[in-house]
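Okay, so here's the structure we're looking at.
The values are calculated or read from the model by the stated rules, or taken from the named source; none is laboratory data. What you are looking at is a predicted structure, and each value in this text was computed from that prediction instead of being measured. Note that we place each Cβ from the backbone using ideal geometry, even for glycine, and neighbour counts take in every protein chain shown. Each accessible area value is taken on the protein alone, full model and side chains, heavy atoms only, with ligands, DNA and RNA left out. Shrake-Rupley method; radii C 1.70, N 1.55, O 1.52, S 1.80 Å.
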Amino acid sequence: MLAREALHALQFPLANAWLGAAAPCVCTASRAFGSRQQDSAGIYEDSFRSKPQPLQFARGEVQYPQQLEGNILGRAFLTAIGAYSRKQRLRNGASVLYRAITEAAERPELHAALGLDGSKFTSSHSLLSLHMWLIIRRLVQEGTPPPKDAKVFNQMLYADYFFKDVERRVYAYGVTIHVSKWMKRLEQVFFGGCEAYDAALQQPEAEQTAALTGALLRNVYEGDEAQRPWALLLARYLLREQQCLSMTDTEDIYTGQIRFSTDIKITKR
């Protein structure tokens, strides 16, 4: 599985061994943190159907203090500490890209179009995780094995930004005890989701939408068959964004110069 294998290769700390008595099941965690909106999915039926296009978007780059970049000695100092190195540029790009991910995952209109309640932990975490999966999958498809830049960048994006942000959100939603256990469990959910979504996209093209819808129904919508129309909309959104990312220049991804689509249409009934 692309994303899971890539992250295994990066030696991320998987939590497969953590199954102690205090471990909440996925559904329990979901009920504890969030619930879904109950609007009609039919009004969003025309969403996520427009022709895919590159996601390039000028966001600007991480800027160093002008008092350093504005003179020879300052630039020499920045060079000496590696501020202009490829690794640091990738780290800066990961910072900018993660802002694009959180921007997309927190858009109220996207939550509404997918039947999710953006004020709840489960909803925001699901969309954060799914956008992370899209990026990781896109970069590991650069080659077999993935290029060194892809490995370094994915590790930075996951460990330095996504993981730390999730921990901050857990605290913000009121969890103050056993936080490390919650983090390990959420890590399990993330990797399990990546594996399920990768498996869905390994199906024949004609079957991918149905397979991905099923995986999303289980992982995001708690297996509630009444929510299948929402899961289908989410599958359509992800498949379209995957196509858009495949058309996006890799360097734009490394520098964070992208913006996820806003192809949401409300049909009056």
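What FRET efficiency do you get for H178 and A206 if R0 is 30 Å and r is their Cβ-Cβ distance, rounded to the nearest 0.05? It comes out at approximately 0.10.
For segment 140-269, the per residue solvent-accessible surface stands at 48 Å², with DNA, RNA and ligands left out and a 1.4 Å probe.
Anisotropy class assigned to segment 139-210 is oblate, per the alpha carbon gyration tensor with a/c at or over the 1.5 cut-off and a/b no larger than b/c.
What does the extension gain come out to for D46 and R228, with contour length at 0.36 nm per residue minus their alpha carbon separation? Numbers along the way, then the final one.
Numbers: separation 182, 0.36 × 182 = 65.52 nm, distance 1.62 nm.
Value of the extension gain: 63.9 nm.
Can you spot the aspartates and glutamates whose alpha carbon is less than 18 Å from K164's alpha carbon? Ignore those fewer than 8 places along the same chain. Cross-link targets: E103, E106, E187.
Equivalent ellipsoid of segment 154-269: semi-axes from √(5λ) of the C-alpha gyration tensor, largest first, are 26, 21, 16 Å. When the alpha-carbon atoms of segment 192-249 are used, the pair Rg, Dmax equals 11.4, 39 angstrom.
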